[in-house]
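Beneath this line is the structure, given in C-alpha cells, with notes to follow.
The values are calculated or read from the model by the stated rules, or taken from the named source; none is laboratory data. Please read these numbers as outputs of a predicted model, since none were measured by experiment. Reconstructed Cβ throughout: ideal geometry from the backbone, glycine too, with neighbour counts over all protein chains shown.
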C-alpha cells in the first residue's frame, strides 16, 4: 500500500481524534486555566489522538480491524488513549492529573478510554464509508475496504430482516 493510499485511509480517523482532542483540551479553558495553557493542553491531546486515530484507519485498511467490531478497537484505545493523556499531562501539566502517581493515572485513563472508543468507533463508522466512496476509484485499498463495509451493511440488513 502506497503512502498516499495510507494517508487517505488515515484521514477520517486522524480528523476525529484531532477534533476530539482539541475539544477535550479546550475544556481546560472552561476549568479556569489561562488561554495559553488551554491552547497547549488542546494541542497536546489533539496531536496524539489524531495520530492514533489515523493509525486506526491504516490498520483497518490492512485488515487488523474489521468494520462493525468493537472488541479489538476497544483494546486498541485502552492502550492509545492513556498514552495520549499521559502525553498531554506531561506537556501541559495541570498538577491534578497525576497527583496519585502515574500507574493510577494510567489505570483511570484506561477505564475512561472505553467511552472514548465507543464514540470514536460510532463516528468513524459513519464517516469512513462516505470517505471511501470518494477515494475508491483511485485507491485500490479504499475500494477493498469499501467492499468490506458494503458486505457488513448487507449482513446487518439481512439479520434485521430475519428478526422482523
- Quick check: anything in segment 148-159 more than 20 Å from residue 8 (Cβ to Cβ), surrounded by 15 or more Cβ atoms within 10 Å (Cβ to Cβ) and touching a helix residue (DSSP H, G or I) at 6+ places or on another chain (Cβ under 7 Å)? no
- Query: If you check residue 94 against the conditions, is it over 30 Å from residue 146 (Cα atoms), in contact with a helix residue (DSSP H, G or I) (Cβ under 9 Å, 6 or more places away or on another chain), surrounded by fewer than 18 Cβ atoms within 10 Å (Cβ to Cβ) and without any contact (Cβ under 8 Å) to a residue 12 or more places away in the chain?
  - Reply: no
- Filter segment 52-67 down to residues that are in contact (Cβ under 8 Å) with a residue 12 or more places away in the chain and either out of contact with any helix residue (DSSP H, G or I) (no Cβ under 9 Å at 6 or more places or on another chain) or not in a helix (DSSP H, G or I) (or both), then give me how many there are. 3
- Among 75, 104, 43, which is within 15 Å of the chain's Cα centre (by Cα) and part of a helix (DSSP H, G or I)? 75
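For (1) under 30 Å from residue 3 (Cβ atoms); (2) at pLDDT below 95, each residue gets a yes or a no:
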position: 26; (1), (2): no, yes
position: 29; (1), (2): no, yes
position: 38; (1), (2): no, yes
position: 48; (1), (2): yes, no
position: 63; (1), (2): yes, yes
position: 73; (1), (2): yes, no
position: 77; (1), (2): yes, no
position: 92; (1), (2): no, yes
- Message: As an exercise: evaluate residue 137 against (1) in a helix (DSSP H, G or I); (2) farther than 22 Å from residue 31 by Cα; (3) out of contact with any helix residue (DSSP H, G or I) (no Cβ under 6 Å at 6 or more places or on another chain) and give the number of the one condition it does not meet.
- Response: (1)
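In segment 68-77, which residue that is surrounded by fewer than 17 Cβ atoms within 10 Å (Cβ to Cβ) and in contact with a helix residue (DSSP H, G or I) (Cβ under 7 Å, 6 or more places away or on another chain) is nearest to residue 154 (Cα to Cα)?
So the first thing to find is which residues in segment 68-77 are surrounded by fewer than 17 Cβ atoms within 10 Å (Cβ to Cβ), and the list is 68-72, 74-75.
Next cut, in contact with a helix residue (DSSP H, G or I) (Cβ under 7 Å, 6 or more places away or on another chain) only: 68, 70, 74.
Numbers: 68: 12, 70: 18, 74: 24 Å.
Residue satisfying both the conditions and the ranking: 68.
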- Query: Say we look at segment 107-139 and pick out the residues that are without any contact (Cβ under 8 Å) to a residue 40 or more places away in the chain and within 11 Å of the chain's Cα centre (by Cα); which of these is nearest to residue 151 (Cα to Cα)?
  - Reply: 122
